[in-house]
Each structure stands twice: as C-alpha cells, then as structure tokens.
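The values are calculated or read from the model by the stated rules, or taken from the named source; none is laboratory data. The shown structure was predicted, so the numbers you read here are calculated from the model rather than taken from an experiment. As a convention, Cβ positions derive from the backbone with ideal geometry for all residues, glycine included, and neighbour counts pool all protein chains shown.
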Amino acid sequence: MRTGPGEPVVEQWKTVSLGEFADAVMSARPRVVAVDGRSGSGKSTLAGRLSAAVPGAVVVHGDDVAWHAPMFGWSELLAHGVLEPVRRGEAVAYRPPAWEERGRPGAIEVPADTSVVVVEGVGAGRRELAGLIDVLVWVQSDFDEAEKRGIDRDIASGVNGDAQASIDFWHEWLAAEIPFLERDRPWERADVVVAGTSPDPQDAATVRCAGPALRS
C-alpha cells in the first residue's frame, strides 16, 4: 500500500467481524465518532456500515456541511451547527449558510434521541474539533487506488462536469488536501485505523483494522 505524504504504513492488520469492530469503536460510549481519511479511501462506506451496526446511529456527511464552503474552512460550521447541539442533547436541523444562499432544500438532521453521530469526511477528525469528538477512526488507503476511485466516482456522478473536468478538479482538490492532512496528521490521534483499500478480497461482514481500540 502506497500511503499519502506524511502518513505511516500500518504493517500488521487484524481482521475482525463488523460486530467486533462496532463494539471496539463503541466501547468508549461515544456521542460522536469521526471517520476521517483521504478522498476515495472508503470513509462513506465505512460510516454507513458502522451506523448500520449501531442501533440509533446517524451519519453526518462532511460534504454536506462543506457544500460551497472554502476547502477545509468549515470546521466552525460543523462545530456550531451540528456537534455542539448534539453534545447538549438537542435535536439538529441545520442549514449551513451556503444552503440558504443557494436555495438548497432540506437540512442536516440529527434527532435528539440519536445514540451516536458518525461524522465522515476529509477533516472530520481535524485537530480543532478534538474536544467535540469521542472516537477517531482513520481510513488508510492506497494513494493511487483512492485517486482512481475518486475520479471514477466523480465522473459517474457528473458532480464536477465531464471526465476532464473531474480530473482537473481532483488535482485541484489534492493540492489542498495533501498539505492540510500533512499539517493536521489525524492518523496520529486515531483510536482505530481501518484499511480502506487492499489487494486482498474483503467481504461485507469483516473489517481490516489496527490501533489501540482493537488491542486485546
């Protein structure tokens, strides 16, 4: 696995069932779990699997908070709009400023009786949010495979235009993502590291992971 700049390589992985993984993450009785990782690493998939294994969990997507906000300049939106009310036990129906300005319908919703909030996105576990996050999961990925995944996904969705526009946007994004992660280094604070890409087949019932929370 070729990791991104500054990111160490995990040498020994432990394959556990999805249930074991969820139990390890939830052992700290978290209110907020952050799933961080590079673009295309598999964060959304992992967050969805974790929330499905934890009754009453809700996923908040960083892309929704960051929609039309400056790249990586949205930590206060996530903190004030979502995480602080969650930690006070309040229901959330948050519309970031860009949603109002651009007429995007709906809201980011978290019911008051939510058991745990899983926030996924590049920068979800950033340092300035540490006081609002109970458990940090870092999704480690092969740098080249994550890039291929991300570009293929963007081309398929058309979210950034045609194929060339998607490639151009990806390179623009990486120019911001790489130095951001090198500065923030979320993998150093991670309670669990998960293999988001692997040359070995992985089934939907297991998770390949490492880290303090998985040590017996």
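Numbers for the structure displayed
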{"quantity": "Residues within the range 156-173 that are of a type outside the set (Gly, Ala, Ser), closer than 17 Å to residue 63 by Cβ and in a helix (DSSP H, G or I), tallied", "calculated": "4"}
{"quantity": "The range 174-200, residues that are over 23 Å from residue 50 (Cβ atoms) and either small (Gly, Ala, Ser) or not in a helix (DSSP H, G or I) (or both)", "calculated": "175, 176, 199"}
{"quantity": "Residue list for the range 145-202, restricted to those being in contact (Cβ under 8 Å) with a residue 60 or more places away in the chain and small (Gly, Ala, Ser)", "calculated": "146, 150, 176, 190, 195, 196, 198"}
{"quantity": "Residue tally, condition over 19 Å from residue 5 (Cα atoms) and either without any contact (Cβ under 8 Å) to a residue 60 or more places away in the chain or not aliphatic (A, V, I, L, M) (or both), over the range 25-49", "calculated": "8"}
{"quantity": "Which listed residue is crowded, with 19+ Cβ neighbours inside 10 Å, within 29 Å of residue 143 (Cα to Cα) and out of contact with any strand residue (DSSP E or B) (no Cβ under 6 Å at 6 or more places or on another chain), from 34, 22", "calculated": "22"}
{"quantity": "Subset of the range 165-201 [closer than 20 Å to residue 13 by Cβ, surrounded by fewer than 14 Cβ atoms within 10 Å (Cβ to Cβ) and at pLDDT 90 or above]", "calculated": "188"}
{"quantity": "Members of the range 131-146 found to be touching a helix residue (DSSP H, G or I) at 6+ places or on another chain (Cβ under 7 Å) and part of a helix (DSSP H, G or I), listed by number", "calculated": "132"}
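One line per residue, one yes/no per condition, for (1) without any contact (Cβ under 8 Å) to a residue 60 or more places away in the chain; (2) under 18 Å from the mean Cα position of the chain (by Cα):
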{"site": "70", "(1), (2)": "yes, yes"}
{"site": "79", "(1), (2)": "yes, yes"}
{"site": "85", "(1), (2)": "yes, no"}
{"site": "95", "(1), (2)": "yes, no"}
{"site": "98", "(1), (2)": "yes, no"}
{"site": "101", "(1), (2)": "yes, no"}
{"site": "107", "(1), (2)": "yes, no"}
{"site": "118", "(1), (2)": "no, yes"}
{"site": "138", "(1), (2)": "no, yes"}
